[in-house]
Structures are given as C-alpha cells and as structure tokens.
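The structure appears below as structure tokens.
Throughout, read-outs are computed from the coordinates displayed, never taken from laboratory work. Every value quoted in this text rests on a predicted model; they were computed, and no experiment measured them. Glycine gets a Cβ as well: all are built from the backbone with ideal geometry, and neighbour counts include every protein chain shown.
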Amino acid sequence: MLAKEHQDLLEANFATHAEPACYHPRGVLLFGISEILRSRMCVDMLEAGRIGEFGGLMKISHDGDRVSRPGPDGVYRPTINDCSDECLEQLVADLGSETPQRVFRAQLFMQPGAYACSTPEIDQMVDIASSVPGVVGAQIAGAGLGGCIMILVRDESVAAVRRALAVRYYRAGGLEPAAIPCTAVEGAGLAEF
C-alpha cells in the first residue's frame, strides 16, 4: 500500500520481526483492559500513600509485557501468559468461589494478559531490580521492544539497585552501566497569572 520510495524504510523496520505462527489477540486485549483498570487505581493508591500496592500493579503490568522468564538454571527462556479458555474459565470459577483469596486473585486488574512487548534483556533487568530490598516495583517503560525500565525504589536503596544492575546485568554482559536515578515531580499543568 505504501509507495516504492518507502520500501527501504519498511524493510529496515521489519528486518527483525519474526512472523509468529499465529497472533494472540485475546492476551493483548486482556492486557489492555486490565491495564486500563490498573491505571485508574494508581492515582488513588499514590494519593493514599499505598506505595506497596502501586508497586504490585507495576509487577503485574510488566508480567503482561514479559516475553521471558528464567529457568531453574537461570537462563531466560521464551514465555507467554496463559489466556486460554481453560484459564479464563478457572478465573470465572474463582470469582464465584466466595473464597476471598481466590476472588481477589481473579479480579480483572490482577490479570497480566499477554501483550508481550518486552525483550529478554528488559525482563532480566526488571527481575534483577525487583530482587533488591527497597524496590517497590519495576516494569518496562515506553512502547516496548527494548528501551528502558522504570524502577520505583526507596531513596536508601538506589545505590544497591545501581550496583545490582551493574554487576549482574551490565558488566556480566560486557556493557557500560547506564542507570539514571530520577525523582518524580508534579507533571505539566495550567499556570494562571
């Protein structure tokens, strides 16, 4: 549909795209719907100081973006979250169980879905960061397919996170460490004069 003049651009953009045997729209839709619910909850959590719960939503969100998990040997292998009929039927059964823990775990906002836009490298960095005491949450940031992660960490643990990423990811991979601590500030707003 695009003119021949754009052929080089198309080929460059799709050069690393491995066509899957099939696409899984159910997982993407479940991720999107659940992510909308999670984002609606975030403001209230932050305003109420429920930082731990907010970090938990970050973990669920990243799990929906995740493309790999470490095996018993520590090697990251491809993974995709289960969004099969059986899985969804189990969630419905859990919702009707009247068992508080099952009902809670089956809530829509608790479902990661399967957007799968991360990379094994990003997944590994999220897991390393999440293993450091003082880290409340970590997830991929941006549109996926590489890029960066955001880590919500207590002030006193920033150095430990940087050290863990430097030792266990960057230096282990022969890379220069690139972690930039940022402090969140109030976003853009209307200024009245």
Work out how much length residue 39 to residue 17 would gain on full extension: take 0.36 nm times their residue separation and subtract the Cα-Cα distance, in nm to one decimal. 5.0 nm
Does anything in region 107-148 have its amide N under 19 Å from the 7 Å Cα→Cβ label point of residue 178, and if so which residues? 118-129, 139-148
Report Rg/Rh for the chain, rounded to two decimals, where Rg is the Cα radius of gyration and Rh the Kirkwood radius. 1.02
So if each residue of separation counts as 0.36 nm, and I subtract the Cα-Cα distance between residue 5 and residue 46, what length gain in nm does that give? 9.9 nm
Net charge within 11 Å of residue 170 by Cβ-Cβ distance, Lys/Arg positive one each and Asp/Glu negative one each, not counting residue 170 itself? +2
How would you order 7-15, 180-188 from highest to lowest mean count of nearby Cβ atoms within 10 Å? 7-15, 180-188
